[in-house]
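The values are calculated or read from the model by the stated rules, or taken from the named source; none is laboratory data. Computed from a prediction, not measured in an experiment: that's the story for all the values here. For neighbour counting, all protein chains shown are included, and Cβ atoms are generated from backbone atoms with ideal geometry for every residue, glycine included. Side chains are part of the model used for accessible areas, which takes the heavy atoms of the whole protein and leaves out ligands, DNA and RNA. Shrake-Rupley method; radii C 1.70, N 1.55, O 1.52, S 1.80 Å.
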Amino acid sequence: MDKSEKFTVAGYLFIPIGMFMFADADVVMRCYGDERAALIEFIIGVIAVVIATVSLYIAGMLRDRRIQAEFARRRAERERRRAERENRGW
């Protein structure tokens, strides 16, 4: 498993955690009247969603860089083979 896959998995795991915290914060405040706990849950939910967003962004950037590197490697290999053919006199 490469880095981009790890960041993708982390992002997809943090999204439901953050969304649950968002939903549960309202319930905690309404049912139990505990505003401090609801605020803490809301903040944790925001942090989890931000972590997920950043993680998925980094995964996308790493994936793009890997694809660009693969294209550059293939282009260099193609140029090398063409230069060898020209040197042999084909």
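Per-structure values
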quantity	calculated
Distance in nm between pseudo-label sites at Glu86 and Lys3 (7 Å out along the Cβ direction from Cα)	3.5 nm
Highest-fluctuation residue, Ala52, Ala72, Ala23 considered, GNM on the chain with Cα pairs under 10 Å	Ala72
Share of carbon and sulfur in the accessible heavy-atom surface of the stretch 12-54 [1.4 Å probe, %]	75 percent
The chain: most fluctuating residue of Arg80, Arg36, Arg66 per GNM, C-alpha cutoff 10 Å	Arg80
Residues listed by number, the stretch 1-44, amide nitrogen under 19 Å from Ala69 label point at 7 Å toward C-beta	1-9
Accessible area expressed per residue, the chain, with surrounding protein chains retained (probe 1.4 Å, Å²)	80 Å²
CD proxy at 222 nm, helix term only [per DSSP H run n ≥ 4: -39500 (n - 2.57); per residue of the chain; nearest 500]	-32500 deg cm²/dmol
